[in-house]
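A short write-up of the structure that comes next.
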Amino acid sequence: MSKINRSIQFKEGNELSSLSIQKNVLAKTPVEETFPQDFAIYDLDEFLKVMSLTDNQGDLIFDNEAYVTVKTDRTQAKYFFADPSIVQQPPAEFPELPSIECEFDLSIGDLNRIRTALSIYGHLEDIAIVGKNGTVSVEIRDRENASSNTYSIGVGNTDASFSFNLKSENIFKLDYSNANTGYNVRISKSGASQWVSSDGVVYLIALEPDSTYEEN
């Protein structure tokens with residue numbers, strides 16, 4: 001979640017959601033902990049590192065409006081909440097895609113190949129989900145330069161023609177931990193893509209305005 005936004009608003013219950021500063025990436029994930037109240041954390045990475053001091057075995061004690069106590073038999077840490085007004089607030093209800101024009105599964109291996117290709121090419125900032133000649137592929141390219149270097153991976157079949165464009169920086173916000181084996185990807189011509197990881201994290205990533213879709 002910290003890849004999306006370093007600050008996060010926790011809600012009462014056992015689900016986390018985060019919205020990027022640019023409001024073009026939204027994510028939610030179930031968690032084992034059940035939070036008894038709403039609270040905001042300014043630096044999620046720092047908070048998780050405090051938790052790691054207890055080998056993630058510490059109890060969270062919410063007995064003060066200003067902070068949470070992380071406590072074990074021998075250790076205790078006090079961590080103050082942030083002002084919710086300075087934290088980007090995700091919507092109360094997680095949006096559903098209004099339609100699904102493209103769907104495929106992307107393995108974590110293929111996702112890592114895409115990340116590696118982006119690192120090799122360096123200057124390329126565009127990723128496109130392309131439907132052409134019956135095939136769906138994930139392509140890295142400069143969509144404003146027809147002679148740019150490219151890299152593509154075939155991921156499925158389609159009867160439509162489309163180019164669903166995304167910024168490559170948003171792909172790096174996806175989780176690729178060992179617990180995750182891949183993503184089910186659904187794309188709507190309305191301007192949004194949904195990426196659901198094998199371990200239950202759901203991302204909504206906005207498409208670029210110049211994305212196109214045409215039924216054959």
Of the listed residues (Asn170, Asn145, Asn178, Asn184), the one being in the same structural domain as Gly131 (by TED's automatic domain parsing), under 20 Å from Ile4 (Cα atoms) and at pLDDT below 90 is Asn178
Among the residues in the stretch 204-215, are any buried (at least 20 other Cβ atoms within 10 Å of the Cβ), without any contact (Cβ under 8 Å) to a residue 60 or more places away in the chain and in a strand (DSSP E or B)?
no
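Tally the residues that are hydrophobic (A, V, I, L, M, F, W, C) and under 14 Å from Asn165 (Cα atoms), restricting the search to the stretch 188-203. Step through it out loud before you land on a result.
Of the stretch 188-203, the ones hydrophobic (A, V, I, L, M, F, W, C) are 192, 195-196, 201-202.
From what's left, under 14 Å from Asn165 (Cα atoms): 192.
Final tally of qualifying residues: 1.
Picking from Asn56, Asn64, which residue would you name as being of a type outside the set (Gly, Ala, Ser), on the phi > 0 side of the Ramachandran plot and free of Cβ contacts under 8 Å to residues at least 12 places away in the same chain? Working first, answer last.
Working: Asn64 fails: on the phi > 0 side of the Ramachandran plot.
Exactly one of Asn56, Asn64 is of a type outside the set (Gly, Ala, Ser), on the phi > 0 side of the Ramachandran plot and free of Cβ contacts under 8 Å to residues at least 12 places away in the same chain, namely Asn56.
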Test each condition in (1) assigned to a helix (DSSP H, G or I); (2) under 24 Å from Asn24 (Cα atoms) for Ile120 and report the one that comes out false.
(2)
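Determine which member of the set Ile120, Ile127 is of a type in the set (Val, Ile, Thr), in the same structural domain as Ser177 (by TED's automatic domain parsing) and surrounded by 16 or more Cβ atoms within 10 Å (Cβ to Cβ).
Numbers: Ile120 fails: surrounded by 16 or more Cβ atoms within 10 Å (Cβ to Cβ).
None of the other options fit; the residue is Ile127.
If you scan the stretch 198-214, which residues turn out to be within 21 Å of Ser137 (Cβ to Cβ) and polar (S, T, N, Q)? I'd like the intermediate steps shown before the answer.
Narrowing the stretch 198-214 to residues within 21 Å of Ser137 (Cβ to Cβ): 203, 205-208, 210-214.
Matches in the stretch 198-214: Ser211, Thr212.
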If we keep only residues of the stretch 134-186 that are of a type in the set (Asp, Glu) and surrounded by fewer than 17 Cβ atoms within 10 Å (Cβ to Cβ), then the residue nearest to Asp110 (Cα to Cα) is Glu169
Only one of (1) free of Cβ contacts under 8 Å to residues at least 60 places away in the same chain; (2) within 28 Å of Glu15 (Cβ to Cβ); (3) basic (Lys, Arg) fails for Arg186. Which number is that?
(1)
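The values are calculated or read from the model by the stated rules, or taken from the named source; none is laboratory data. Everything numeric in this text was worked out from a predicted model, so none of it was measured. As a convention, Cβ positions derive from the backbone with ideal geometry for all residues, glycine included, and neighbour counts pool all protein chains shown.
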